[in-house]
Amino acid sequence: MAQIVLGIGTSHSPVLSIDYAAFPDLAARDRGNPYVKDFDGMATAKASWIGRELAPAVTRGRHDAVQTAITQLGAVLNETAPDVLVVIGDDQNEWFSTDGQPALCIYWGDSVENLPPPREKMHPVLRSGYWGFYGDGTNRTFPVDAPLARHLIETLTHEHEFDVAHMRVQPRHSPFGHAWNFVHQRLMGEHVVRCVPVLLNTYYPPNQPTPKRCYQLGRAIRQAIEAWPAATRVGVVASGGLSHFVVDEELDRHVLDSLTKNDATALTTIPTDQLESGNSEIRNWIATAGAVEHLDMTLVDYLPYYRSGAGTGVGAAFAVWRSFR
């Protein structure tokens, strides 16, 4: 019988893999980001305190802390050595588009190939950081646990009444999703673990799953895994979040506190209008929480990673769920 023995939550922003000195250039980019409303107004409202958050010493300290947290997650993954990782993330115009976006999809091919995006499509400032998603430009093939993935598709559909889209052949027009490649590049490193990619539509209306449905999905994934007859040790990873592109410390701390307390009610009643833009990736953490509610969460670190006077950046969070009972 299979069992979930590990949970991991990790932010996956490209800023986690670039030199902190490049942050001022990102501020100019954020001014034109359609998800950032009223950049100048937010900068004015935060003028009394945001400066200390952007001081070079503070920025460098947070950068170093982020790298330490990512290294710690990788060490926990290597130490626990699960047989397979179910990675819950979101597609952002990589395999799907806004013209056709399933609410939930599971990939069950035998492997996925790491296909870096064309360099000319990358923003110059972020280009060096994309190795955290796609590597150094060298194609690599990662194994997928296709039998378990198919079992999840069938069980979630037939026994738990989820409408699961499935994909068996990797599209060639785009790289494997950033949410999964970040896990491969930054957490696995050379200790590659078979994965099951679960693609959850967090970003794009009109069919984003509600927080309650995300938590139910996580629970159903755990039940499906426990029904798998093989003696398989499984890890579940939430890839993405927390708040961005504007940092919302209050929301982040509410989510992390609720996760730590295993408070399903608090997680499933987060207003959906707080889960738009990059904040929407919190859904990946909510789904993971449902899958690992039998484990205990330890917060590795949380860094409000500001990069502009408007408060843009990312709420960088890193957590581990294990059994201490």
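The values are calculated or read from the model by the stated rules, or taken from the named source; none is laboratory data. Being a predicted model, the structure only gives us computed values, none of them experimental. Here the Cβ positions follow ideal geometry from the backbone for every residue, glycine too, while neighbour counts run over all protein chains shown. All accessible areas refer to the heavy atoms of the entire protein, side chains included, with ligands and DNA or RNA removed. Shrake-Rupley method; radii C 1.70, N 1.55, O 1.52, S 1.80 Å.
Data table
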{"quantity": "Computed helical MRE - 222 nm, the chain, DSSP H runs ≥ 4 contributing -39500 (n - 2.57), nearest 500", "calculated": "-10000 deg cm²/dmol"}
{"quantity": "Pairwise label distance in nanometres, Arg52 with His294, each label 7 Å out on the Cα-Cβ vector", "calculated": "4.6"}
{"quantity": "Cα-projected label distance for Gln274 with Glu226, points at 7 Å along beta-carbon direction, nm", "calculated": "2.9"}
{"quantity": "Whole-percent carbon and sulfur share, accessible surface of segment 1-79, 1.4 Å", "calculated": "55"}
{"quantity": "Potential extension, Arg253-Glu161 segment - 0.36 nm per residue separation minus Cα distance", "calculated": "29.9 nm"}
{"quantity": "Cα long-axis angle, helix 146-158 against the chain (0 to 90 degrees, to the nearest 10)", "calculated": "90"}
{"quantity": "Extension gain (nm, one decimal) between Ala266 and Asp38, 0.36 nm per residue minus Cα-Cα", "calculated": "79.1 nm"}
{"quantity": "Accessible area (Å², per residue) of the chain, counting only protein heavy atoms and a probe of 1.4 Å", "calculated": "41"}
{"quantity": "Angle in degrees between helix 56-80 and the longest Cα principal axis of the chain, rounded to the nearest 10", "calculated": "10"}
{"quantity": "Ordering of 66-72, 276-282 by packing [mean C-beta count within 10 Å, highest first]", "calculated": "276-282, 66-72"}
{"quantity": "Degrees between helix 211-226 axis and first principal axis of the chain (Cα, 0 to 90, nearest 10)", "calculated": "40"}
{"quantity": "Efficiency of FRET from Cβ geometry, Thr80 and Thr141, R₀ 22 Å, rounded to 0.05", "calculated": "0.40"}
{"quantity": "Reachable aspartates and glutamates, given that their alpha-carbon falls under 15 Å from the alpha-carbon of Lys212 and they are not under 8 places away in the same chain", "calculated": "Glu161, Asp263, Asp273, Glu281, Glu293"}
{"quantity": "All-pairs Cα distance distribution in segment 233-325, expressed in whole percent, bin size 5 Å", "calculated": "3, 14, 26, 26, 17, 9, 4, 1, 0, 0"}
{"quantity": "Length gained when the stretch Ser323-Lys212 is fully extended (0.36 nm per residue, less Cα-Cα span)", "calculated": "37.5 nm"}
{"quantity": "Cα-Cα pairs of segment 31-77 separated by more than 15 Å (percent)", "calculated": "64"}
{"quantity": "Probe 1.4 Å - accessible area at Asp19, Å² to nearest ten", "calculated": "90"}
{"quantity": "Relative contact order of the chain, defined on C-alpha pairs under 8 angstrom at six or more residues apart (%)", "calculated": "34"}
